[in-house]
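J.: Okay, handing you the structure first.
Values in this text are rule-based calculations from the coordinates and carry no lab data. Computed from a prediction, not measured in an experiment: that's the story for all the values here. Here the Cβ positions follow ideal geometry from the backbone for every residue, glycine too, while neighbour counts run over all protein chains shown.
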Amino acid sequence: MKSYNKITRLLIAIVVIALPLLSSSYLSANSNSLMDQQVSEYLSKKKGEQVLLLKQLVNINSGTLNIDGVINVGKLLEPEFQAAGFSTHWVDLPAYMQRAGTLVAERKGSSGKKLLLIGHLDTVFPKDSPFQKFTRTGKFATGPGVIDNKGGIVVILYALKALQSINALKNTDITIVLTGDEENNGKPVTISRQHLISMAKSADIVLDFEPTVSGSASVGRRGTTHWLIEASGHEGHSSIIFSDQVGAGATFELARILDELRRTMNDEQGLTINPSTVVAGVKASYDKDTGIGNVFGRTNLIAKTAIARGDIRYISEKQRHRLITKMTKITQKSLPGTKTNLQLEQVLPPMPTTQDSLNLFESYSIISKRLGYGEIALLPAELRGGGDISYVAPYVSTALVGIGASGEGEHSPLEKVDIDSLFIRSQLAALLILELTGP
């Protein structure tokens, strides 16, 4: 009997200890379920609104150099963010940059993490582009910027509206920065990205709403450096090439360099080097700003000048440094009668993968599975281009990129959005923001 009483008391103690834990887990699961349902119900009712707003945004040309168009896109969005409880203001850039500036929407609070959400107002399509209008065909729609990045902006806005509808934005600290020159940023970037970087320094987490690729997301992006190699040699008749008098000529010197770069660097993971333009002749020039080359030469004349322009992409600053060291050594050992000048310009720093970012990605994928959409694929940094998040990556340890609208063909007249992705990605973003800003 005593033994029975001891076992009974032990079981009762276990139950007393376990019940609060089970109750807490049950409440948490039910809380998630309720929030999931409320967010989904709100967004289901707003599907038509999302598409209409996207159509309005896309039908305003906002090529980077169309300053009025970029500003008009911002003006259309300002009251939308204000209605969601955000204050808005415009950050101008110096007039000499000939760029529109940045729209900022923010609210201050002390609940959970401080978030910075990034998107951009501009597109790659200029004012005179024939690709100008939003056109819907079934479950897809085409148009300039429909996924890059106006679809992403719609995802941001309706994720926040969904949270506001259930009073989940109260006391949160969230800043949205929508740049007007992401596709062709103002120079120097130390000025054009100054405000974005300033916002990042006070944020805990950055979410970038660039287009998603096949239902994926990323936690890293490669950096980009532009390079220009100019080889020069002696002009002369082709019959005396390789002689002590004229040497190898500029074209062979440039060919040597490019081939050696190919042979020594094409096997390194995450690294690419691409010579996009080559001009060579008795007279040759290349304008980096316009991308236009001019050349004069004849079959019986040795090229005096040879120029190659291209870029390198890399996953870390360490890899960039290693590559530039190799490039420098290769260009310094010239063929007879030639010399070479190497110019380098870092355009974008890399966004390195961190464990904190991987943890954030896992949270995002768990939400997707919870909603029945399955796992989110992790897209390697090598498969993503550069973007504004690269400028802020050195200042935050936790970031997620590529969580905007889904589609294909960005930067081309084939750009299209999967209409359903506006709803789905708004759901995922809303619930991720809810998780990050919760008490």
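J.: How many nm separate the modelled label positions at residue 354 and residue 95, each set 7 Å beyond the Cα in the direction of the Cβ?
T.: Result for the modelled spin labels: 4.0 nm.
J.: What does the charge count around residue 185 come to, taking other residues whose C-beta lies under 12 Å from its C-beta (Lys +1, Arg +1, Asp -1, Glu -1)?
T.: Here the charged neighbours net out to -2.
J.: Next question. Given Cα pairs under 8 Å that are at least 6 residues apart, what percent is the relative contact order of region 40-179? Before the final figure, lay out each step's value.
T.: On the way: 226 pairs, mean separation 46.3, N = 140.
Relative contact order comes out at 33 percent.
J.: Let me ask something additional. Assuming R0 = 56 Å, what is the FRET efficiency of residue 87 and residue 266, from their Cβ-Cβ distance, to the nearest 0.05?
T.: Efficiency, from the Cβ-Cβ distance: 0.65.
J.: If you take every DSSP beta bridge fully contained in the chain, what fraction is antiparallel? Give it as a percent rounded to 5.
T.: If we restrict to bridges inside the chain, about 75 percent are antiparallel.
J.: Would you mind checking the pairs 113/318; 170/201; 114/416 and listing those with alpha carbons more than 26 angstrom apart?
T.: Values: 113/318 30 Å; 170/201 23 Å; 114/416 33 Å.
Cα-Cα > 26 Å for 113/318; 114/416; rest within.
J.: Continuing with this model, one more query. Please report the spacing between the Cα centers of region 70-113 and region 329-392 in Å, no decimals.
T.: 27 Å
J.: Separate question: Of the beta bridges DSSP finds with both residues in region 36-175, what % are antiparallel, to the nearest 5?
T.: 65 percent
J.: Dipole of region 223-348, Cα-centred, from +1 at each Lys and Arg C-beta and -1 at each Asp and Glu C-beta, to the nearest 20 debye? Intermediate values should be presented prior to the final figure.
T.: Working: 16 positive and 13 negative charges, 36 e Å.
Roughly 180 debye, rounded to the nearest 20.
J.: Quick one: helix 67-83 against the long Cα principal axis of the chain, what's the angle to the nearest 10°, folded into 0 to 90?
T.: Compared with the principal axis, the helix lies near 10 degrees.
J.: If one takes the longest principal axis of the Cα atoms in the chain, at what angle in degrees, from 0 to 90 and to the nearest 10, does the Cα axis of helix 2-45 lie?
T.: Once rounded, the angle reads 60 degrees.
J.: Between residue 239 and residue 41, take the C-beta separation as r, use R0 = 56 Å, and let me know the FRET efficiency to the nearest 0.05.
T.: The computed FRET efficiency comes out at 0.10.
J.: Show that you can apply the helix-only estimate: for the chain, add -39,500 (n - 2.57) for every DSSP H stretch of four or more residues, divide by all residues, and state [θ] at 222 nm to the nearest 500.
T.: Theoretical 222 nm ellipticity from helices: -13000 deg cm²/dmol.
J.: So what is the relative contact order of region 223-348, in percent, for Cα pairs below 8 Å that sit 6 or more residues apart?
T.: Numbers: 272 pairs, mean separation 53.6, N = 126.
43 percent.
J.: Quick one: length gained pulling residue 136 to residue 383 fully straight, 0.36 nm per residue minus the C-alpha distance?
T.: On the way: separation 247, 0.36 × 247 = 88.92 nm, distance 2.82 nm.
Separation in residues times 0.36 nm, less the Cα-Cα distance, equals 86.1 nm.
J.: Tell me which trypsin sites (Lys or Arg not before Pro) from region 157-259 have a DSSP coil assignment and no more than 10 other beta carbons within 10 Å of their own.
T.: Taking region 157-259 and a limit of 10 other Cβ atoms within 10 Å, no loop trypsin sites (Lys or Arg not before Pro) are found.
J.: Also: Please find the FRET efficiency linking residue 108 to residue 187, where r is the Cβ-Cβ separation and R0 is fixed at 51 Å, and quote it to the nearest 0.05.
T.: E(calc), rounded to 0.05, equals 0.95.
J.: Here is a follow-up. Taking only C-alpha pairs under 8 Å that are 6+ residues apart, what is the relative contact order of the chain in percent? Intermediate values should be presented prior to the final figure.
T.: Working: 919 pairs, mean separation 96.9, N = 439.
Reported as a whole number, the value is 22 percent.
J.: Relative to the longest principal Cα axis of the chain, at what angle does helix 355-370 sit, 0 to 90 degrees, rounded to 10?
T.: Long axis of 355-370 versus the principal axis of the chain: about 60 degrees.
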